[in-house]
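Data first, discussion second: the structure below is written as structure tokens.
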Amino acid sequence: MTTRIIGIGACVPDTIVTNNDLTAFLDTNDEWIRERTGIGERRVSTEMGTTALAVEAAKRAMEDAGVSPEELDFVILATSSGDNSFPSAASEVQGIIGALNAVAFDISAACSGFIFGLHIAQGFFASGIYKKGLVIGAETLSKVVDWSDRSNCILFGDGAGAAVVSAEETGLIHMLMGTDGRKSKVLDCVGRTLGNCLTGFKPEMGFMKMDGKEVFKFAVRKVPEIVNQILDESGLAKDDIDYFVLHQANMRIIESAVKRLDIPMEKVPTNIERYANTSAASIPILLDEMKKDGKLHRGDKLILAGFGAGLTWGATLIEW
Ligand code: COA
């Protein structure tokens with residue numbers, strides 16, 4: 001048995017923050033941000049936390065799939081910006097939607113998280129342990145970026161996307177994933193620092209820090225590499241693929257991948273202009289838009305590819 005996505009849903013906060021809005025407190029401008037990143041605006045949450053966004057996306061995905069919460073065997077939620085250290089966001093989602101037969105847990109793989117979640121589901125399905133579940137990517141990165149760091153905060157946005165996955169004969173065709181922990185410091189956000197009865201009671205929380213150039217160099221090499229690898233290993237050609245659904249981190253990274261892979265831009269949907277980088281949520285939000293736009297048809301072949309902090313990367317070849 002393999003993983004088929006049978007329902008998709010997304011939820012983004014209502015509040016739009018444009019590049020021009022950022023100039024109120026940041027030495028930046030719309031032209032610079034658009035040219036370097038392709039981003040025009042992002043959603044920033046003032047009320048809904050990561051769990052609330054995930055709940056809404058999950059409900060929409062279940063409605064799309066025609067699946068009730070009781071039918072779910074697992075809820076896997078990928079996030080780097082959960083509302084709590086514990087319990088997991090997945091546990092909260094499970095309780096709120098009433099998926100009481102499901103085991104629920106979070107995974108931390110940054111922007112590769114949704115893809116890693118699909119692969120964990122694949123393990124469950126291939127071994128016959130479970131039959132249905134939710135894989136969610138949800139983030140409120142607006143609370144972890146340093147809003148005084150202009151080369152960083154302009155890049156990110158809040159949102160959630162969710163997929164109902166089911167064990168079926170066709171679906172996931174091939175997958176790969178990887179990590180290089182030696183590069184863990186090029187993009188990080190430290191948790192609570194040590195603060196205890198011996199050191200004094202002053203734990204602090206960090207903000208996101210990034211060596212943008214290092215991440216950029218890594219991404220422009222890694223994205224085409226993993227797309228080519230998954231094609232080679234599955235014996236399919238670029239022309240066999242209907243869509244390349246790439247993590248929405250930077251339009252220049254996407255364009256560079258398109259060039260290196262020599263694939264038509266029409267096969268590479270994007271929405272970074274409107275949502276910026278929503279990390280683990282970017283791929284399912286994009287899939288949801290594609291479905292709503294009537295772009296996805298049963299039997300279409302898609303490569304999903306992502307990368308992020310860790311450093312991590314992953315790619316999945318699926319049949320829709
Ligand atoms: N507005 C205006 N100027 C800005 C700016 C902003 N928001 N941010 C940086 N600058 C300035 C810099 O201070 C620098 O000025 P200087 O030359 O006077 O020092 C200049 O623009 C160039 O900065 P640089 O960092 O070299 O720009 P860049 O072309 O490398 O682009 C990123 C920066 C962050 C957009 C780019 O490196 C990137 O996208 N990296 C990948 C990040 C990413 O995708 N992370 C998530 C991974 S999941």
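Things worth noting here:
- Restricting attention to segment 103-135, the residues that are over 22 Å from E169 (Cα atoms) and not β-branched (V, I, T) total 9.
- Criterion applied to T50, T37 was being closer than 30 Å to D180 by Cβ, more than 16 Å from the ligand (Cβ to nearest atom) and β-branched (V, I, T), and the one residue passing it is T50.
- Check on K132, touching a Leu at 6+ places or on another chain (Cβ under 9 Å) and away from the ligand (no atom under 16 Å from the Cβ): yes
- The single condition from (1) buried (at least 17 other Cβ atoms within 10 Å of the Cβ); (2) assigned to a loop (DSSP other than H, G, I, E, B); (3) away from the ligand (no atom under 16 Å from the Cβ) that L100 fails is (1).
- For segment 232-259, residues that are closer than 21 Å to R36 by Cα and among the charged types (D, E, K, R) total 3.
- Summed over segment 147-165, the residues that are in contact with a Ser or Thr (Cβ under 8 Å, 6 or more places away or on another chain) and assigned to a loop (DSSP other than H, G, I, E, B) give a count of 3.
- One residue from D262, D293, D300 being more than 16 Å from the ligand (Cβ to nearest atom), under 26 Å from I33 (Cβ atoms) and charged (D, E, K, R): D293
Computed from the coordinates by the stated procedures, all read-outs in this text should not be read as laboratory data. Nothing here was measured: the structure is a model prediction, and the numbers come from that model. Neighbour counts are summed over all protein chains in view; Cβ atoms, including those assigned to glycine, are modelled from backbone coordinates with ideal geometry.
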